[in-house]
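This report refers to the structure that appears directly beneath it.
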Amino acid sequence: MTTETRLPTLRLFLISFSGPKANKGTVTFSKEGPKMVLTLSDDFVVPDTPDPHWQVIDSKGNTYLLKRVMIKGDKYNKSITLPAYIRDVAKVQMWCAFAETNLGEASFKKAMK
């Protein structure tokens, strides 16, 4: 006999993105067991730039450049599970790796763990 254990999920919402290219939509922080997940809202518009990426900044100011936002065709990574080495999230940015510039960001009032 096996039993299924469901991990609790905690959802918290960030403020809207603001910036020169990423200024529409929000990002949701959720914690599924030990995993931290970021999800873009349905009204988020992917910046029209050559190479937009997810970028996270933690409470100590460490910056983590993560997955590309765009994938094949007009599809995009709407959600991302953060690697275990990221301990908390203070800001979420859309970062253009080609131009090395911040396209827009959303910030927590305090870092999420």
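Go through the range 39-69 and give me each residue that's crowded, with 17+ Cβ neighbours inside 10 Å, among the hydrophobic types (A, V, I, L, M, F, W, C) and farther than 19 Å from Pro83 by Cα.
Phe44, Val46, listed by residue number.
Taking strands (runs of 3 or more DSSP E) that fall entirely within the range 26-67, which contain at least 2 residues that are of a type in the set (D, E, K, R)?
The strands (runs of 3 or more DSSP E) meeting that bar are 27-32.
Take the range 75-113 and flag every residue that is among the aromatic types (Phe, Trp, Tyr) and touching an Asp or Glu at 6+ places or on another chain (Cβ under 6 Å).
Scanning the range 75-113 gives a single hit, Phe98.
From the residues in the range 70-102 that are touching a Ser or Thr at 6+ places or on another chain (Cβ under 6 Å) and either at pLDDT below 95 or part of a strand (DSSP E or B) (or both), which one is surrounded by the most Cβ atoms within 10 Å (Cβ to Cβ)?
By that ranking, first place goes to Cys96.
Just to check your reading of the model, which residue among Lys35, Lys72 is farther than 20 Å from Ser16 by Cα and free of Cβ contacts under 8 Å to residues at least 24 places away in the same chain?
Just one listed residue meets the conditions, Lys72.
The values are calculated or read from the model by the stated rules, or taken from the named source; none is laboratory data. Since this is a predicted model, take the numbers as computed values, not measurements. Note: ideal-geometry Cβ built from the backbone for every residue, glycine included; neighbour counts use all protein chains shown.
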